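Visitor: Can you read through this structure? Questions will come right after.
The values are calculated or read from the model by the stated rules, or taken from the named source; none is laboratory data. Computed from a predicted structure; not experimentally measured. Counting neighbours? That spans all protein chains shown, and the Cβs are built from the backbone with ideal geometry, glycine included. Accessible surface areas use protein heavy atoms only, side chains included; no ligands, DNA or RNA. Shrake-Rupley method; radii C 1.70, N 1.55, O 1.52, S 1.80 Å.
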Amino acid sequence: MINFEFVRTSTVKNAIAALSKTPGAQFIAGGTNLVDLMKKGVAAPKRLIDINSLPLRDITSDSKGILIGALALNSEVAEHPLIKNKLSLLAKALDAGASAQLRNMATIGGNILQRTRCSYFNDSTMPCNKREPGSGCGAKNGYHRMHAVFGASDKCIAVHPSDMCVALAALDAVVHTAGPKGERKVLFADFHRLPGDNPELDHHLQPGELITGIYVPANSFNKQHYLKIRDRASYAFALVSVAVALEVTDGIIKNAKLSMGGVAHKPWRLISTEQFLVGKAASKETFTEAAAVAMTGAVGLTHNRFKIKMGKAAVREALLQAIR
Ligand code: SF4
């Protein structure tokens, strides 16, 4: 049993102040990841600050985009008419995540900050540089079927577990934060980190900062799809996933945004593939070539090499399904 202090707060200002009072304090909202980690002894915050009463749950829009409050629940965002009508890619990715019960508890802000599901990270008896820097990477010389084929380091080969984040990366979303030094806006593509020498750091949130919302700029994508390949049809993390947003006019691709999940420590944007696609016919032949571009540079290990072939097939299929 780990003792911790529990406080509730109802304003963003008080929440930020409450966090800075105690080293090792953490915010809690849905708690669908943090409580699990506390039960397993992987996380041991000294103080939990319940932010569920903060006024950060609205979903609003203007001519430039849609702002989703950080405390909006995954299920209510997926079901919201604005999201269903204008950001179907995001709705599909949210529906692909976790289980209905978890989507009813988990918040958008928490989804972004969820930690890897690497089984060595989640087992406090195993070495893990992310959980305990310098202890080694159990997965690298162990079983690593679920792990990264892009952007890994000697220290960590974990993948980011979120589906929603893959869609937000493709949609050029912006993370809104508030902290002791004021408010910031961070491009989604720059929010999460690759492991490098500091795999204990998942993202670029500054000390004391709180995610207040996600802004998704308006777009002209008329073809969108999220494809997730997993071991079972529900309640499983992606082996490989692909988010596709295309603008296609008269059969020609005018704009393309793609990202992958299950392949890297962060949502993996496919910039070269996007550049390859623009100006080409939206055809099977184009998509087959684009899929090869997407997986260029992937590096597999003993147990996860299959992801390279699977990733190629998934990118092609996601593009095909987007234009159906
Ligand atoms: Fe830990 Fe990363 Fe290695 Fe998993 S892959 S054991 S999270 S260091």
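Visitor: I'd like to know which of A282, L319, G251 lies farthest towards the positive end of the charge dipole of region 223-323, counting +1 on Cβ of Lys and Arg and -1 on Cβ of Asp and Glu.
Guide: Final value for the positive-end residue is L319.
Visitor: For region 29-46, what does the Karplus curve 6.51 cos²θ - 1.76 cosθ + 1.60, with θ = phi - 60°, yield as ³J(HN,Hα) per residue in whole Hz, taken in order and with x for Gly and Pro?
Guide: Once θ is set to phi - 60°, the couplings for region 29-46 become 10, x, x, 5, 9, 4, 5, 4, 5, 5, 5, 7, x, 7, 10, 9, x, 7 Hz.
Visitor: Next question, about the same structure. Hey, if you put +1 on the Cβ of every Lys and Arg and -1 on every Asp and Glu Cβ in the chain, which of N219, S10, A167 ends up farthest toward the positive end of that dipole?
Guide: Comparing the listed Cα positions along the dipole, A167 ranks first.
Visitor: Scan around R47 for amide H atoms under 5 Å from its own, H built in the peptide plane at 1.01 Å from N, and keep only partners 5 or more places away or cross-chain.
Guide: E5, A25, Q26
Visitor: Two decimals is fine: what is log10 I(q)/I(0) at q = 0.20 Å⁻¹ for region 71-134, from a Debye sum with one equal scatterer on every Cα and no solvent?
Guide: Ignoring solvent entirely, the Cα scatterers give -0.77.
Visitor: Below 8 Å between Cα atoms, with a sequence gap of 6+, how large is the relative contact order for the chain in percent?
Guide: Reported relative contact order: 16 percent.
Visitor: Using θ = phi - 60° and the Karplus form 6.51 cos²θ - 1.76 cosθ + 1.60, what ³J(HN,Hα) does each residue of region 142-155 get, whole Hz, x for Gly and Pro?
Guide: My calculation for region 142-155 gives x, 9, 9, 4, 8, 8, 6, 10, 10, x, 6, 10, 4, 7 Hz in order.
Visitor: By how many nm would the segment from A100 to Q275 grow when fully extended, if each residue of separation counts as 0.36 nm and the alpha-carbon distance is taken off?
Guide: 59.4 nm
Visitor: Which order do Y235, Y215 take by accessible area at a 1.4 Å probe, largest first?
Guide: Reading off the accessible areas and sorting them downward yields Y235, Y215.
Visitor: Just how many % of Cα pairs in the chain lie over 37 Å apart, if you round to the nearest whole percent?
Guide: 14 percent
Visitor: So, one more: Using Cα pairs under 8 angstrom and six or more residues apart, how large is the relative contact order of region 5-52, in percent?
Guide: So the answer I get is 56 percent.
Visitor: Stretched out fully, how many nm does the piece from L187 to S10 gain, at 0.36 nm a residue minus the Cα gap? Walk me through the numbers on the way to the answer.
Guide: Details: separation 177, 0.36 × 177 = 63.72 nm, distance 2.71 nm.
Fully extending the segment from L187 to S10 adds 61.0 nm.
Visitor: Relative to the first principal axis of the alpha-carbon coordinates of the chain, what is the inclination of helix 284-294, with its axis defined by its Cα atoms, in degrees from 0 to 90 and to the nearest 10?
Guide: 40 degrees
Visitor: Which of the pairs K39/K155; K223/K280; K86/K284; K254/K280 have their Cα atoms more than 19 Å apart in this structure?
Guide: K39/K155; K86/K284
Visitor: Let me ask something additional. Fully extended, how many nm does the chain gain between E289 and R324 (0.36 nm per residue separation, minus their Cα-Cα distance)?
Guide: Difference between extended and current length: 10.7 nm.
Visitor: Is the C-alpha gyration tensor of region 5-52 telling us rounded, prolate or oblate? Criteria: a/c under 1.5 is rounded; beyond that, a/b larger than b/c is prolate, otherwise oblate. Provide the component values of the computation, followed by the final result.
Guide: On the way: a/c = 2.93, a/b = 1.58, b/c = 1.86.
Oblate, since a/c reaches 1.5 and b/c is not below a/b.
Visitor: Sticking with this one: How large is ³J(HN,Hα), in whole Hz, for each residue of region 69-83 in order, when computed from phi with the Karplus curve 6.51 cos²θ - 1.76 cosθ + 1.60 and θ = phi - 60°, using x for Gly and Pro?
Guide: Working through the residues one at a time gives x, 4, 9, 4, 7, 3, 5, 6, 5, 4, 8, 5, x, 4, 6 Hz.
Visitor: First check a/c for region 223-323, with a ≥ b ≥ c the square roots of the eigenvalues of its C-alpha gyration tensor; if it is under 1.5, answer rounded, and if not, answer prolate when a/b is larger than b/c or oblate otherwise.
Guide: On the way: a/c = 2.11, a/b = 1.61, b/c = 1.32.
Here region 223-323 falls in the prolate category.
Visitor: Follow-up. Tilt of helix 12-21 relative to the longest C-alpha principal axis of the chain, in degrees (0 to 90, nearest 10)?
Guide: Result, in degrees: 60.
Visitor: Nearest 10 degrees is fine. How inclined is helix 306-323 to the longest principal axis of the chain, computing both from alpha carbons?
Guide: The angle comes out near 70 degrees.
Visitor: Could I ask something else about it? Per DSSP H run of at least 4 residues, take -39500 (n - 2.57); add these up for the chain, divide by its residues and hand me the 222 nm value, nearest 500 deg cm²/dmol. Don't jump to the answer; show the numbers that get you there.
Guide: Numbers: 12 runs with 94 residues, N = 324.
Mean residue ellipticity at 222 nm (helix-derived): -7500 deg cm²/dmol.
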